[in-house]
Amino acid sequence: MHSVSSYSYDDFLNQTPDNNNSVLNIVEKYLKNIELRKNINAFTEVYNEESIANAKKTDQELKSNNKKKLSGFVIAVKDIISIEGKKLTCASKILKDFTSLYDATVIKKLKDADAIIIGKTNCDEFAMGSSGENSSIGKTLNPVNEAKVPGGSSSGSAAAVAANFSMGSLGTDTGGSIRQPAGFCGIVGLKPTYGRVSRYGLVAFASSFDQIGPFANNSRDAARILEVIAGHDPLDSTSANIPVPNYLEKMNGDLKNLKIGLPKEYFDDSLNPEIKKSIELKIEFLKSKGVKFVEVSLPHTEYTIPAYYILTTAEASSNLARYDGARYGHRSKNSNTMEEMFVNSRSEGFGNEVKRRIMLGTYVLSSGYYDAYYKKAQKVRRLIQKDFLDVFKNVDCLLTPTSPTTAFNLGEKTKNPLEMYLSDIYTVSVNLAGLPAISIPSGKDKNNLPIGIQLIGKHFDEQTLLKIADVCENNLN
Ligand code: GLN
């Protein structure tokens, strides 16, 4: 069996540092786990030697009482975030041989806090997908049940934590890509408020939606990572200049006076009854801790998927125009003219889902259709955001399912993109509105697959979500 079971930073901090419990020892165990379950295909690259060297260095630092915020925290990073001198592939053939020239701000912050980056994780190409099956290096398996998808697009980041390949990881969430895979793999995944975490050095999919956020075994570890990576960054004009709280300090177990809304549109017949049951149990538990619940309504919910797929494909078609074979990335060898070179490089380099989105995005932005689709979807986006702002006048946060089902079979939805898109039905509205949300594990279904539930918060109030999540986890233990 696998040599480390799920291991949190508290476990690490509570242990006596000896040779068995050195950072080196922990890193070696993770590397061994990765090797033992290579078939999970969670990584695009593993930094074996470098993580060992960093672990040795950290052990020395700790001996000299030089502890930083994340010393010894072993973390994996979605391969869509830049690390200086490392391959940055976005799981795409078009960037197969591309190496980053600089560190993303989140990476710089992780390095400054002495976290150990163990490798880059597999994902859906350019973060487009819900199952991890759109990767040019092949799909990632769900470590809980290898016949199932781990969710996507941050498939490898979720799998890495669930399979004990790392203590935590970074993913990105444009429409659910942190929360849905966290739910499918039975771990915690947090999508911060838009603007909370710098996007400098993150390869853009849909710039007004994308956010980087943590995966972890529990909400305390998610809070630790968030606290380090969050904050204003002069290199990202959309990052907010709002102070980052000390999250752990405020995770004090006190939920009295909290009011949680249950959006009625999220509990219709399409929701799997076992997930519904699990949520009902969670509600009873939280009531026993003094939380009040009220039903609320988000009337524009039915428009979220169409608005999301119009706006994100529009932004993607523009963002991905830069991969032209001329500046960087794959260049086709079979071209005679410049135009042929553009067309062939892109045709050879991009996978089918990325092409589908570029076509859709180009269409909704084209003159004649711009007003009918793109502009209308922008208006709908505003209405969806207003729905949330209205309900947040009366409640502190919302509780919903993370996904309509638990992890589905590999291959089950690859032939039907629309069905795939519908698995994001409970997550995309959060990105349309720029809100923070967390997915936490909530037991298992009859097939032993993890169930995820989602808490959605007010802008910049990750704190309340983490505090509630923490209480729920302690009950599970
Ligand atoms: N599954 C959604 C999509 O394919 C979300 C992706 C994401 O959050 N990166 O667009």
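The values are calculated or read from the model by the stated rules, or taken from the named source; none is laboratory data. This structure is a prediction, so every number in the text was calculated from the model and none was measured. As a convention, Cβ positions derive from the backbone with ideal geometry for all residues, glycine included, and neighbour counts pool all protein chains shown. SASA here: full protein model, heavy atoms, side chains in, ligands and nucleic acids out. Shrake-Rupley method; radii C 1.70, N 1.55, O 1.52, S 1.80 Å.
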Options 443, 434; residue that is more than 16 Å from the ligand (Cβ to nearest atom) and small (Gly, Ala, Ser): 443
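Could we say that residue 317 is within 24 Å of the chain's Cα centre (by Cα) and either open to solvent by 60 Å² or more (accessible area, probe 1.4 Å) or within 16 Å of the ligand (Cβ to nearest atom) (or both) here?
yes
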Expected single match for touching an Asp or Glu at 6+ places or on another chain (Cβ under 9 Å) and touching a residue at least 60 places away in the same chain (Cβ under 8 Å) among 380, 354 is 354
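A quick yes/no check of all residues on (1) under 25 Å from the mean Cα position of the chain (by Cα); (2) open to solvent by 10 Å² or more (accessible area, probe 1.4 Å):
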{"position": "23", "(1), (2)": "no, no"}
{"position": "30", "(1), (2)": "yes, no"}
{"position": "37", "(1), (2)": "yes, yes"}
{"position": "42", "(1), (2)": "yes, no"}
{"position": "52", "(1), (2)": "no, yes"}
{"position": "64", "(1), (2)": "no, yes"}
{"position": "69", "(1), (2)": "yes, yes"}
Could you check the stretch 97-112 and list, in sequence order, the residues that are modelled with pLDDT of 95 or more and open to solvent by 10 Å² or more (accessible area, probe 1.4 Å)? 98, 99, 101, 102, 103, 105, 108, 109, 111, 112
Within the stretch 113-150, considering residues that are farther than 25 Å from residue 315 by Cβ and part of a strand (DSSP E or B), the one farthest from the ligand (Cβ to nearest atom): 116
Anything in the stretch 267-297 that is surrounded by fewer than 16 Cβ atoms within 10 Å (Cβ to Cβ), in a helix (DSSP H, G or I) and of a type in the set (Ser, Thr, Tyr)? List them, or say none. 288
Filter pass, residue 118 being open to solvent by less than 10 Å² (accessible area, probe 1.4 Å) and either in contact with a Lys or Arg (Cβ under 6 Å, 6 or more places away or on another chain) or farther than 29 Å from residue 421 by Cα (or both): yes
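For the stretch 121-141, enumerate the residues that are surrounded by 24 or more Cβ atoms within 10 Å (Cβ to Cβ) and either of a type in the set (Asp, Glu) or under 9 Å from residue 410 (Cα atoms) (or both). Even if it seems obvious, please write down each step before you answer.
First pass over the stretch 121-141, keeping only residues surrounded by 24 or more Cβ atoms within 10 Å (Cβ to Cβ): 121-132, 134-135, 140.
Within the stretch 121-141, 124, 125, 131 qualify.
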Against the definition (open to solvent by 40 Å² or more (accessible area, probe 1.4 Å), modelled with pLDDT of 95 or more and not in a loop (DSSP other than H, G, I, E, B)), how does residue 227 come out, yes or no? no
Which one of these does residue 377 not meet: (1) of a type in the set (A, V, I, L, M); (2) over 22 Å from the mean Cα position of the chain (by Cα); (3) open to solvent by 10 Å² or more (accessible area, probe 1.4 Å)? (3)
At pLDDT 95 or above, out of contact with any strand residue (DSSP E or B) (no Cβ under 8 Å at 6 or more places or on another chain) and aliphatic (A, V, I, L, M): does that describe residue 428? yes
Please verify whether residue 85 is touching a residue at least 60 places away in the same chain (Cβ under 8 Å), open to solvent by 20 Å² or more (accessible area, probe 1.4 Å) and on the phi > 0 side of the Ramachandran plot, treating the condition exactly as stated. no
Residue among 258, 286, 235 that alone is among the hydrophobic types (A, V, I, L, M, F, W, C), under 25 Å from residue 222 (Cα atoms) and more than 26 Å from the chain's Cα centre (by Cα): 258
Within the stretch 397-477, considering only helices (runs of 4 or more DSSP H) that don't extend past its boundaries, which have at least 2 residues that are in contact (Cβ under 8 Å) with a residue 60 or more places away in the chain and surrounded by fewer than 19 Cβ atoms within 10 Å (Cβ to Cβ)? 417-422, 462-476
Any hit, the stretch 231-250, residues being in contact with a helix residue (DSSP H, G or I) (Cβ under 6 Å, 6 or more places away or on another chain) and at pLDDT below 95: yes
Within the stretch 197-224, count every residue that is of a type outside the set (Ser, Thr, Tyr), assigned to a loop (DSSP other than H, G, I, E, B) and either farther than 18 Å from residue 247 by Cβ or out of contact with any Gly (no Cβ under 8 Å at 6 or more places or on another chain) (or both). 9
Which of the residues spanning the stretch 325-372 are open to solvent by less than 60 Å² (accessible area, probe 1.4 Å), part of a helix (DSSP H, G or I) and within 16 Å of the ligand (Cβ to nearest atom)? 353, 354, 357, 358, 361, 364
Under the condition of being in a helix (DSSP H, G or I) and near the ligand (Cβ under 9 Å from one of its atoms), which residue from the stretch 151-186 is surrounded by the fewest Cβ atoms within 10 Å (Cβ to Cβ)? 180
